[in-house]
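Bear in mind that the values in this text are calculations on the coordinates, not laboratory data. Since this is a predicted model, take the numbers as computed values, not measurements. Cβ sites come from the backbone with ideal geometry, for glycine too, and all protein chains shown count toward neighbours.
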Amino acid sequence: MPDTFSTFEFFQKFPNEKSARKFFEARRWAGESHCGHCGSINVSECKDHKPMAYRCKDCRKHFSVRTGTVLAESRLPLLKWLLAIYMLTSARKGIPSTQMARELGVTQKTAWFLAQRIRETWMGGNDDKMDGQVQVDETYVGGKEKNKHADKKLNASRGAVGKVAVVGMRDEQGQVRAMPVKQTNAATLVKFVKDNAPESGEVVTDEFRAYNGLAAQGFTHKTVRHSAGEYVRDMAHTNGIESFWSLLKRGYIGVYHYMSEDHLHRYVNEFSFRHNTAKVGTLNFINMTIDRMVDKRLTYKDLTNG
Ligand SMILES: [Zn+2]
């Protein structure tokens, strides 16, 4: 069982802002404060932490644990950042910004921006190939309710007007990668497979013709029909990635209601990141998120002009 903790335990661990700061510092610096500007360890702590917690004796600049991270331009207490990460960790279907706002005691706009920056830290880091046989599939999110059941028709122009296509892959370890794509043509889907699947590996898809070029790229391409008999016969199936789609769609319909196309990649990645880390436990999840905050930056302007 993963080592998860409750909201009650969260506040026992982090009763105040100081405990949150100590936690961030311990993770980032492992006991030795580093200047966020030049990396020097020749630093001193400032009285009352004004203007900032530390001052570097080499480059003479002030810094804190936020310097050089996605937290740098945020004035929100670190405890609220920790609580927001914790909330996003434990919610399988995501958290609406209205609920996060209520629980953090901030405006909905602040909660939305905070959550987007946490999602941004979870982006990337998928440069290596996935493991073993992979299942590849696409789905569609958004669009009109009456079209929601039409997205599996096997024709060259799958999907419906107003929907955004998302392509995904699940490997033998159960890890998932997924991203929105502009088109579901052969060029896009085959490239996604080449970028993520093991070279010359086994790839299972349905019979959508855009996948037909996979064999020519050296993959062992198995196709399944969307019928139970086919799954049983050769054990190749796409059930794993399909169950991920149903989780994504439950989040979309039940929690986020409307994922703007500009931000959809971050929401889709949120679901796959949480899925892939479901077994690591709460503390490891928070630590992984803090590690990813370094050297990242996302301003409100970046997000809203996007
Ligand atoms: Zn320095």
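Below is a table of values for the structure above.
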quantity: Alpha-carbon centroid distance for the pair the range 253-272 / the range 157-206, whole angstrom; calculated: 17 Å
quantity: Potential lengthening between R250 and R75 on full extension [0.36 nm per residue; Cα-Cα distance subtracted]; calculated: 59.7 nm
quantity: Overall Cα dimensions of the chain, principal axis frame, Å, largest first; calculated: 70, 41, 40
quantity: Summed residue charge, Cβ within 13 Å of D291's Cβ, Lys/Arg positive, Asp/Glu negative; calculated: +3
quantity: Estimated [θ] at 222 nm from DSSP helical runs (n ≥ 4, -39500 (n - 2.57)) normalised by residues in the chain, nearest 500; calculated: -11500 deg cm²/dmol
quantity: Fewest-first sequence of S44, S90, S64 by Cβ atoms within 10 Å of each Cβ; calculated: S44, S90, S64
quantity: Packing rank of 175-182, 206-213, where each peptide gets the mean count of other beta carbons within 10 Å, highest leading; calculated: 175-182, 206-213
quantity: FRET E, pair K279, N239, Förster distance 25 Å, beta-carbon r, rounded to 0.05; calculated: 0.80
quantity: Whole-number percent relative contact order across the range 170-306, with pairs defined as alpha carbons under 8 Å at least 6 apart; calculated: 25 percent
quantity: Surrounding net charge for L78, when Lys and Arg each add one and Asp and Glu each subtract one, Cβ distance under 10 Å; calculated: +3
quantity: Selected from S19, V106, C38, residue furthest toward positive end of dipole (the range 1-134; charges at beta carbon); calculated: V106
quantity: For the chain, size of Cβ-based charge dipole, Lys and Arg +1, Asp and Glu -1, in debye; calculated: 1120 debye
quantity: Prolate/oblate/rounded label for the range 44-133 (Cα gyration tensor, a/c 1.5); calculated: oblate
